[in-house]
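For reference, the structure is listed below as structure tokens.
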Amino acid sequence: MEAETGVLKKKYVRCIVCGEIMEEGTLICPVCGVGPDKFVPYEPETSGYHNDTKEVFIILGQGIAALSAATAIRERNATCGILMIGEENELPYNRPMLTKGMSGGVSEETILVHDKQWYEEQNILLLNGKKISAVYPDKKEIHLQDGMAFMYDKCIYALGAVSFVPPYKGSHLPEVVAVRTIQDAKKVRELALVSKKAVVIGGGILGLETAWEICKLGCEVCVVEMAPRIMPRQIGPETSQKLSEIAKASGITIYTAATVEEITGIDHTEAIRLADGTLLPADMVVVSCGIRANTEIAADAGIAIGRAVLTDSNMRTNISDIYACGDCAEFEGMNYALWTEASQMGKTAGANACGDLIQYSSDLYPVTFHGMNTTLYAIGDNGCAPGTKIRTVEGSANSDNDLELYYLDQNLVVGAALLGDTKNASLVEEAVKGKKQFNELFLNKNSNNTKGETKMEKYICNVCGYEYDEAKGEPDNGIAPGTKFADLPADYVCPICGAGKDEFEKA
């Protein structure tokens, strides 16, 4: 209870996967679908800034960046006008869920961020199903393709991005889909229900999630990845290899180092032809080759463009009173196009448009995958960047399908990948973001073990007296703390005298 008001103070948690803030007691993250084991306590930030005005804020877009901007504005200005304009007919929804629940059917109601009543209560006007034609900064006007026009005091450009579909021959065929909207996800499911064979082009997170959802609907699925391995930018080679093995065991065939030459068919898709001549029969094709920022309208308005709309740390563009955020915005040369990043950019843009002063800074965002009967959590450096001197240490896995890798820079934890058993993801996030020592991470990990788990033992070398401590492991030799003596490789030898495992006894 609050001492003065007698009102029970709400408690909140943060999802370490997507960054969503929820009330304590929430069972499933509405954005990414993970459970409470990926939630950590969170204390909401309060600005203290407030300035009620009669200004008109027009937000171009209806994704999470646009919605976060609108929310930040209303929190600081109770009397201003807020108008959100977007092309989709639906209310803003949790886009990451599109490829996670496709097999069961994606509906607007189940993935909405807020219902219609919330917008009415917040006095936020939505103008859906409208396409913007131009922004005129000199007149401070927004023009729509249907002839409507609006004047603004502050404009927030949050038009997001579109799926990139390479110009393959045959990419125009009706069974070729790129998933970006609810309607795209519905179309994939409809096609999968009447198809026998499907090909997914792109072995990234969204491509693999889509492949799994299609597979669950009874299709024979192939994934084609141009790189030498799946998810090459997000995870290291060991994790890629293990995930590929799991995919194969789940019924999904993966082709790597494979280039798509064309999608064959006259009126309907028939197959994918690879550059080496291989034909992969396909009744449907899903293209998952990344996105491209919507910058055309911004460029026409004189707003500076790089790969996306250029912004400073306040999300300001080079044009006065125009801010940008989300998948269409770029800060310090980077645009990760991630949900968490877009949300934080939106909050920053909205706050600064109101007159508050908040700085945006990029963060370490985890990579997660749920599908094929496994779970992946990876964060930070994966040791693959050229010229890096990152050491990889493998932890003790609970099963053949589990993998636990830690990436160290002079014994500091700079990255990690957990495949299968991800219960320690929150500890890993804390260690990587806090740049903790490797041993410190495992001290916390072992103290986090539940009752009934096997305790750590020590083993003594009968030849030289060296002590192997399971709790400490041998990080310098690539043996992670917590590695049981029984799990050491058969050719393990004492690091002091070279005696074999059979020369050790339990202390």
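The values are calculated or read from the model by the stated rules, or taken from the named source; none is laboratory data. Everything numeric in this text was worked out from a predicted model, so none of it was measured. Cβ sites come from the backbone with ideal geometry, for glycine too, and all protein chains shown count toward neighbours. Protein only, heavy atoms only, side chains kept; ligands, DNA and RNA dropped before computing areas. Shrake-Rupley method; radii C 1.70, N 1.55, O 1.52, S 1.80 Å.
Among the residues of the range 97-124, just one is buried (at least 16 other Cβ atoms within 10 Å of the Cβ) and of a type in the set (Phe, Trp, Tyr), namely 119. Quick one: is residue 418 part of a strand (DSSP E or B) and either closer than 19 Å to residue 481 by Cα or touching a His at 6+ places or on another chain (Cβ under 7 Å) (or both)? Judged against the criteria, residue 418 is a match. It is to be established whether one or more residues within the range 295-311 are crowded, with 22+ Cβ neighbours inside 10 Å, closer than 26 Å to residue 404 by Cα, touching a residue at least 60 places away in the same chain (Cβ under 8 Å) and not acidic (Asp, Glu). The answer is no; no qualifying residue exists. Of all the numbered requirements in (1) touching a helix residue (DSSP H, G or I) at 6+ places or on another chain (Cβ under 9 Å); (2) at pLDDT below 80; (3) over 29 Å from residue 356 (Cβ atoms); (4) not basic (Lys, Arg), residue 6 misses one, and that requirement is (1).
Just one residue in the set 277, 333, 251, 346 is more than 30 Å from residue 56 (Cβ to Cβ) and either under 23 Å from the mean Cα position of the chain (by Cα) or acidic (Asp, Glu) (or both); that residue is 333. Determine which member of the set 321, 276, 327 is of a type in the set (D, E, K, R) and touching a Leu at 6+ places or on another chain (Cβ under 9 Å). Criteria check complete, one pass: 327.
Residues that are touching a Ser or Thr at 6+ places or on another chain (Cβ under 8 Å) and either surrounded by fewer than 16 Cβ atoms within 10 Å (Cβ to Cβ) or charged (D, E, K, R) (or both) within the range 379-395 comprise just one, 381.
Residue-level analysis places residue 238 among those that are open to solvent by 20 Å² or more (accessible area, probe 1.4 Å), of a type outside the set (A, V, I, L, M, F, W, C) and in contact (Cβ under 8 Å) with a residue 40 or more places away in the chain.
Being out of contact with any strand residue (DSSP E or B) (no Cβ under 9 Å at 6 or more places or on another chain) and over 27 Å from residue 213 (Cβ atoms) holds for only one residue in 351, 308, 324, and it is 351.
Restricting attention to the range 141-158, does a residue exist that is in contact with a helix residue (DSSP H, G or I) (Cβ under 6 Å, 6 or more places away or on another chain), closer than 28 Å to residue 107 by Cβ, surrounded by 15 or more Cβ atoms within 10 Å (Cβ to Cβ) and not hydroxyl-bearing (Ser, Thr, Tyr)? The answer is yes; a qualifying residue exists. List pairs: first in the range 34-47 and farther than 10 Å from residue 15 by Cβ, second in a helix (DSSP H, G or I), Cβ under 7 Å, 6+ apart or cross-chain? Qualifying pairs under 7 Å: 47/76; 47/351.
Tally the residues that are at pLDDT below 70 and under 30 Å from the mean Cα position of the chain (by Cα), restricting the search to the range 439-481. Please lay out each step first, then the result.
Keep residues of the range 439-481 that are at pLDDT below 70, which gives 442-455, 476.
Then keep just the ones that are under 30 Å from the mean Cα position of the chain (by Cα); that gives 442-450.
Going through the range 439-481 one residue at a time, the tally reaches 9.
Here residue 461 passes the criteria (1) surrounded by 12 or more Cβ atoms within 10 Å (Cβ to Cβ); (2) out of contact with any helix residue (DSSP H, G or I) (no Cβ under 8 Å at 6 or more places or on another chain) except the one numbered (2). The number of residues in the range 186-232 that are under 13 Å from residue 247 (Cα atoms) and either polar (S, T, N, Q) or without any contact (Cβ under 8 Å) to a residue 12 or more places away in the chain (or both) comes to 1.
A residue that is modelled with pLDDT of 95 or more and open to solvent by 50 Å² or more (accessible area, probe 1.4 Å) can be found somewhere in the range 55-65. With respect to residue 48, determine if the residue is out of contact with any strand residue (DSSP E or B) (no Cβ under 9 Å at 6 or more places or on another chain), at positive phi, assigned to a loop (DSSP other than H, G, I, E, B) and open to solvent by less than 50 Å² (accessible area, probe 1.4 Å). In short, no.
Per the listing 185, 198, the residue uniquely farther than 28 Å from residue 314 by Cα, hydrophobic (A, V, I, L, M, F, W, C), modelled with pLDDT under 95 and open to solvent by less than 10 Å² (accessible area, probe 1.4 Å) is 185.
Would you mind stating whether residue 258 is within 29 Å of residue 107 (Cα to Cα) and modelled with pLDDT of 95 or more? No, not satisfied. Here residue 254 meets the list (1) among the aliphatic types (A, V, I, L, M); (2) open to solvent by less than 30 Å² (accessible area, probe 1.4 Å); (3) touching a Ser or Thr at 6+ places or on another chain (Cβ under 8 Å) almost entirely, failing just condition (2).
If I filter the range 160-177 for residues that are more than 30 Å from residue 275 (Cα to Cα) and either in contact with a His (Cβ under 9 Å, 6 or more places away or on another chain) or among the aromatic types (Phe, Trp, Tyr) (or both), do I get at least one hit? No.
Of the numbered criteria (1) farther than 23 Å from residue 164 by Cα; (2) touching a helix residue (DSSP H, G or I) at 6+ places or on another chain (Cβ under 6 Å); (3) buried (at least 22 other Cβ atoms within 10 Å of the Cβ), the one residue 247 fails is (2). Among the numbered conditions (1) among the small types (Gly, Ala, Ser); (2) more than 27 Å from residue 192 (Cβ to Cβ); (3) in contact with a strand residue (DSSP E or B) (Cβ under 9 Å, 6 or more places away or on another chain), the only one that residue 78 does not meet is (3). As a summary of the residue check, residue 337 satisfies the conditions (1) modelled with pLDDT of 95 or more; (2) surrounded by fewer than 20 Cβ atoms within 10 Å (Cβ to Cβ) except for the one numbered (1).
In the range 264-288, the residues that are over 11 Å from residue 222 (Cβ atoms) and open to solvent by less than 70 Å² (accessible area, probe 1.4 Å) reach residues that are among the hydrophobic types (A, V, I, L, M, F, W, C) and part of a loop (DSSP other than H, G, I, E, B) with C-beta atoms within less than 6 angstrom, at least six apart or across chains, in these pairs: 265/173; 269/173; 269/282; 287/165; 287/178.
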